[in-house]
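S.K.: Quick one: the structure is below, and I'll ask about it shortly.
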Amino acid sequence: SCNRALGLAPLQEEVCVTNSRRPELMIIGDSKAMALSSGIFAGHVSMPTLMIAGHGCNTFPNLTYEPTYENPWANNCTNIANKALKLAGAIPSIKTIMVVEGDISVANSPSIYSFEDRPLSHKEAVRLGYDFLFRTLYDTGRKVIFVTDVPDLKKDPRFCIGKPDHFSKYCNNSSEVLKTSRANYNLETRELAELYGFHWFDSLEVFCAE
């Protein structure tokens with residue numbers, strides 16, 4: 001649909017979908033972006049939208065990594081991120097840009113990413129990657145929204161759904177446990193939001209509302 005409506009040739013492993021020749025909302029990210037976009041493209045929400053995403057990809061346009069090619073995804077993330085970032089500022093009809101990605105580790109352990117040939121920890125990768133991303137998006141003058149990942153269960157949902165009540169202790173996560181596990185990640189996000197003025201939507205508050 002992107003090629004047909006906007007003349008955008010797809011990159012390897014890129015997922016690009018649009019329902020308009022003049023999209024007003026642009027969604028970028030990983031498979032979480034695809035999941036969020038599905039309601040729009042299924043017609044449940046009326047919104048001229050362009051989505052560019054990559055399975056298993058963080059949107060870190062300025063960072064490099066060595067693809068493993070063990071799976072048919074997450075091997076071309078840097079190029080997909082750069083394409084998305086370029087289009088975010090180039091398509092005049094876009095009014096809002098939404099970044100949607102799964103939880104990312106902010107530990108000090110080594111990550112797969114490098115910057116100018118220097119290996120980065122997970123914490124450094126998140127800071128450098130998102131700093132560049134949101135600084136560049138800020139310069140487009142568009143409204144920017146960052147959506148953090150939905151809360152997860154302790155087990156694969158297939159293990160939990162339809163099971164007897166006593167299985168709940170193996171599946172359920174409390175909001176307090178989830179908040180604690182995301183504390184450092186949320187701190188990084190909050191600092192970036194204050195720095196670049198993007199809107200931060202924490203889905204945890206919706207899914208875990210008391």
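The values are calculated or read from the model by the stated rules, or taken from the named source; none is laboratory data. None of these values were measured; they are calculated from a predicted model. When we count neighbours, we look across all protein chains shown, and the Cβ atoms used for this are built from the backbone with ideal geometry, even at glycine. For accessibility, only protein heavy atoms count, side chains too; no ligands or nucleic acids. Shrake-Rupley method; radii C 1.70, N 1.55, O 1.52, S 1.80 Å.
S.K.: Looking at the range 1-32, which of its residues are of a type in the set (A, V, I, L, M) and assigned to a loop (DSSP other than H, G, I, E, B)?
M.R.: Within the range 1-32, 8, 9, 11 qualify.
S.K.: Report, by residue number, each residue of the range 46-92 that is outside any helix (DSSP H, G or I) and charged (D, E, K, R).
M.R.: The answer is 66, 70.
S.K.: So is residue 42 of a type outside the set (S, T, N, Q), modelled with pLDDT under 95 and under 21 Å from residue 16 (Cβ atoms) or not?
M.R.: yes
S.K.: Restricting to the range 102-139, what's the tally of residues that are farther than 15 Å from residue 28 by Cα, of a type in the set (Val, Ile, Thr) and more than 13 Å from the chain's Cα centre (by Cα)?
M.R.: Matching residues across the range 102-139 total 2.
S.K.: If you don't mind, there's one more thing I want to ask. Do the conditions hold for residue 125, that is, is it without any contact (Cβ under 8 Å) to a residue 24 or more places away in the chain, of a type in the set (A, V, I, L, M) and more than 21 Å from residue 12 (Cβ to Cβ)?
M.R.: No, not satisfied.
S.K.: Among the residues of the range 163-204, how many are at pLDDT 75 or above and surrounded by fewer than 12 Cβ atoms within 10 Å (Cβ to Cβ)?
M.R.: The total comes to 7.
S.K.: Same structure, new question: May I ask you to list the residues in the range 1-45 that are open to solvent by less than 50 Å² (accessible area, probe 1.4 Å), under 13 Å from residue 87 (Cα atoms) and not β-branched (Val, Ile, Thr)?
M.R.: Selection gives 2, 6, 8, 16, 23, 25, 26.
S.K.: Every residue in the range 138-152 that is surrounded by 14 or more Cβ atoms within 10 Å (Cβ to Cβ) and not basic (Lys, Arg), please.
M.R.: 138, 140, 144, 145, 146, 147, 148, 149, 150, 151, 152
S.K.: Of a type outside the set (Val, Ile, Thr) and either at pLDDT below 90 or touching a helix residue (DSSP H, G or I) at 6+ places or on another chain (Cβ under 6 Å) (or both) - does that describe any residue in the range 120-128?
M.R.: no
S.K.: In the range 57-72, what residues are more than 15 Å from residue 11 (Cα to Cα) and exposed (fewer than 11 other Cβ atoms within 10 Å of the Cβ)?
M.R.: Passing the criteria: 66, 68, 69, 70.
S.K.: Residues in the range 152-159: is at least one more than 17 Å from the chain's Cα centre (by Cα), within 18 Å of residue 27 (Cβ to Cβ) and among the charged types (D, E, K, R)?
M.R.: no
S.K.: Just to be sure I understand, how many residues within the range 82-101 are of a type outside the set (D, E, K, R), within 16 Å of the chain's Cα centre (by Cα) and more than 22 Å from residue 191 (Cα to Cα)?
M.R.: Counting residues in the range 82-101 that are of a type outside the set (D, E, K, R), within 16 Å of the chain's Cα centre (by Cα) and more than 22 Å from residue 191 (Cα to Cα) gives 3.
S.K.: Using the structure shown, decide if residue 33 is of a type in the set (Gly, Ala, Ser), in contact with a strand residue (DSSP E or B) (Cβ under 6 Å, 6 or more places away or on another chain) and over 17 Å from residue 89 (Cα atoms).
M.R.: yes
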